[in-house]
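Structure, as structure tokens:
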Amino acid sequence: MAAAPKILVIDDDKTFTTMAAALLRSAGYRTVVAFDAMQGFMFAGREAPALVLLASACRRGAGCSCSTSYETRRRPRTSR
């Protein structure tokens with residue numbers, strides 16, 4: 001049997017993040033939580049989640065810049 005998809009929840013609101021993760025786990029997903037964008041960026045690279053729920057504004061790095069950095073890092077490099 002395949003493992004449930006993993007979802008990374010990134011938000012600096014600990015109450016929201018904890019509740020969102022609990023709701024997702026009750027629906028059968030595996031969850032990883034991060035409480036700032038830098039921690040989320042690190043976890044995204046290490047955990048390889050199927051989905052990232054990212055707040056648009058987090059301390060220690062805005063969500064949008066974290067998203068752009070992660071996408072750039074995952075994009076395959078091409079040689080000329």
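Throughout, read-outs are computed from the coordinates displayed, never taken from laboratory work. Just so it is clear, the structure is predicted and the values come from calculations on it, not from any experiment. Every residue, glycine as well, gets a Cβ built from its backbone with ideal geometry; the counts of neighbours run over all protein chains shown.
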**Request:** Just rank LEU24, LEU53, fewest to most, by other beta-carbon atoms within 10 angstrom.
**Result:** LEU53, LEU24
**Request:** Please arrange MET38, MET19 by counting, for each residue, the other beta carbons lying within 10 Å of its beta carbon, fewest first.
**Result:** MET19, MET38
**Asked** Which order do peptides 25-33, 6-14 fall in by mean Cβ count within 10 Å, highest first?
**Response** 6-14, 25-33
